[in-house]
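Student: The structure follows.
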Amino acid sequence: MTIARNRVVTIDYTLTDEGGAVLDTSQGEEPLAYIHGTGTLVPGLETALEGKAASEHVSVTVSPDQGYGARDESVIFTISRGEFEDVDDLSVGMKLELHGEHEEPLLVTVITMDQEEVTVDANHPLAGQTLHFEVDVRGVREATAEELAHGHAHDGHHGH
Ligand code: ZN
């Protein structure tokens, strides 16, 4: 069976940046199981995996537009320190979930702060980066109706 939309794919992967530094890996953990075509992986990686089968190895370099997008300087905000009263140990580098204009969750990283103001960046931490993936396909199977309804695979720790 080959990788196609709505099939559950299990992979081992290592993600490195342009300089070869490891950003994320499944090594030492369980392989990642996901439903293909649902946007779990970045578009460039999904495209590279399309049509592959178990035991195949995929090596792919993904540009920002096929990865986490370009960095957007307009999503860097400065907010009054008072808005963070309920956050313990607020510090630079901390990731927080704020609420956007329409109450949508907005994941941000604190980039600078002083007594009065806090500047946060809502870009994905990997936005603007060229990513390199080394992937070993471990398995491909049809998703169950329940998995499709939930939008995620039920293998590994995500089973319930
Ligand atoms: Zn579920």
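The values are calculated or read from the model by the stated rules, or taken from the named source; none is laboratory data. Not measured: the values here are computed from a predicted model. Virtual Cβ from ideal backbone geometry, glycine too; neighbours counted across all protein chains shown. Remember, those area values only see protein heavy atoms, side chains included, never the ligands or the DNA or RNA. Shrake-Rupley method; radii C 1.70, N 1.55, O 1.52, S 1.80 Å.
Student: Pick from Ala33, Ala48: which is part of a strand (DSSP E or B), closer than 30 Å to Arg141 by Cα and open to solvent by less than 70 Å² (accessible area, probe 1.4 Å)?
Tutor: From the options Ala33, Ala48, the qualifying one is Ala33.
Student: Can you pull out every residue in segment 51-80 that is assigned to a helix (DSSP H, G or I), open to solvent by 60 Å² or more (accessible area, probe 1.4 Å) and either under 12 Å from Val9 (Cβ atoms) or modelled with pLDDT of 95 or more (or both)?
Tutor: Residues satisfying the conditions are Asp65, Gln66.
Student: Let me confirm something: among Glu56, Glu30, Glu50, Glu18, which residue is in contact (Cβ under 8 Å) with a residue 24 or more places away in the chain and touching a Gly at 6+ places or on another chain (Cβ under 6 Å)?
Tutor: Glu30
Student: Now for a different question. Can we say Asp24 is open to solvent by 60 Å² or more (accessible area, probe 1.4 Å), among the acidic types (Asp, Glu) and closer than 23 Å to Val137 by Cα?
Tutor: So Asp24 fits the description; yes.
Student: So, in segment 105-151, how many residues would count as being within 16 Å of the ligand (Cβ to nearest atom) and open to solvent by less than 70 Å² (accessible area, probe 1.4 Å)?
Tutor: 4
Student: If we scan segment 134-147, do we find a residue that is part of a loop (DSSP other than H, G, I, E, B), among the small types (Gly, Ala, Ser) and farther than 23 Å from Val22 by Cβ?
Tutor: Yes, segment 134-147 contains a residue that is part of a loop (DSSP other than H, G, I, E, B), among the small types (Gly, Ala, Ser) and farther than 23 Å from Val22 by Cβ.
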